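Visitor: Let me begin by handing over the structure; questions about it come next.
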Amino acid sequence: MSDLLHVVSLVLILIGALLCLTAAIGLLRFRDVPTRLHAATKPQVLGLLLIAIAVGIELESWAAAAFLVPVMLIQFATAPLSAHMVGRQAYRNGTLDRQDLHTDELAGAGETPPAAGG
C-alpha cells in the first residue's frame, strides 16, 4: 500500500508541475492581458492544489494536511482577486484591446478607457 501511495503522489506532483509549467509558458507566450490572466490563475492554482495533495499523501500526517488546507484556501482567495485587479487596471490604462471584448460591462459604469496611443 505504501508503494501505491508513493506512485500516486509522484503522479500528482508531475501533473501539478506540468500545469505550473504551462502557466509560466502561457504568461510568456500569450499576447494580451485576459489570456495571460487566464494562464496565470487557472492552471497554476490547479497545479498547486495537486502538488499540495501529493505532499499530504506523501507525508501521511494530519499536521501536514492541517498546514496545507489554509495554504490552499489563501491561494483560492487571492488568485481570482489579483487577476480581477490586474484586469481592471489594464482596462483603465487602455492596454486592453477593446476589439477583443465581446461585452464591455464597464463602459456603463463610468469607467471608460483612455484612447489608444495616449
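The values are calculated or read from the model by the stated rules, or taken from the named source; none is laboratory data. Note that the coordinates shown come from a computational prediction; the quantities given were computed from them, not determined experimentally. Backbone-built Cβ (ideal geometry, glycine too); neighbour counts: all protein chains shown.
Visitor: Hey, V33 hits all of (1) touching a Gly at 6+ places or on another chain (Cβ under 9 Å); (2) surrounded by fewer than 19 Cβ atoms within 10 Å (Cβ to Cβ); (3) touching a residue at least 60 places away in the same chain (Cβ under 8 Å) but one; which does it fall short on?
Guide: Unmet for V33, out of (1) touching a Gly at 6+ places or on another chain (Cβ under 9 Å); (2) surrounded by fewer than 19 Cβ atoms within 10 Å (Cβ to Cβ); (3) touching a residue at least 60 places away in the same chain (Cβ under 8 Å): (2).
Visitor: If you take the residues of region 72-99 that are exposed (fewer than 13 other Cβ atoms within 10 Å of the Cβ), more than 30 Å from A54 (Cα to Cα) and within 21 Å of the chain's Cα centre (by Cα), which of them is modelled with the lowest pLDDT?
Guide: Ranking the qualifying residues of region 72-99, first place goes to Q89.
Visitor: Additional query: Hey, among the residues in region 16-61 that are of a type in the set (D, E) and touching a helix residue (DSSP H, G or I) at 6+ places or on another chain (Cβ under 7 Å), which one's modelled with the highest pLDDT?
Guide: So, considering only residues that are of a type in the set (D, E) and touching a helix residue (DSSP H, G or I) at 6+ places or on another chain (Cβ under 7 Å), the one modelled with the highest pLDDT is E58.
Visitor: Which of the residues that make up region 22-33 are assigned to a helix (DSSP H, G or I) and more than 12 Å from the chain's Cα centre (by Cα)? Let's see the steps before the verdict.
Guide: Filtering region 22-33 for residues assigned to a helix (DSSP H, G or I) gives 22-29, 33.
I25, L28, R29, V33, listed by residue number.
Visitor: Do you know which residues across region 71-106 are assigned to a loop (DSSP other than H, G, I, E, B) and within 14 Å of R36 (Cα to Cα)?
Guide: T95, L96, D97
Visitor: Considering only residues that are among the charged types (D, E, K, R) and not in a helix (DSSP H, G or I), which ones fall in region 34-61?
Guide: Hit for region 34-61 is E60, nothing else.
Visitor: Under 9 Å between Cβ atoms, at least 6 apart or on separate chains: pull out the pairs that start in region 92-103 with a residue that is of a type in the set (S, T, Y) and end on any residue that is loosely packed, with under 13 Cβ neighbours inside 10 Å.
Guide: Between residues of region 92-103 that are of a type in the set (S, T, Y) and residues that are loosely packed, with under 13 Cβ neighbours inside 10 Å, the close pairs are T95/D32; T95/Q89.
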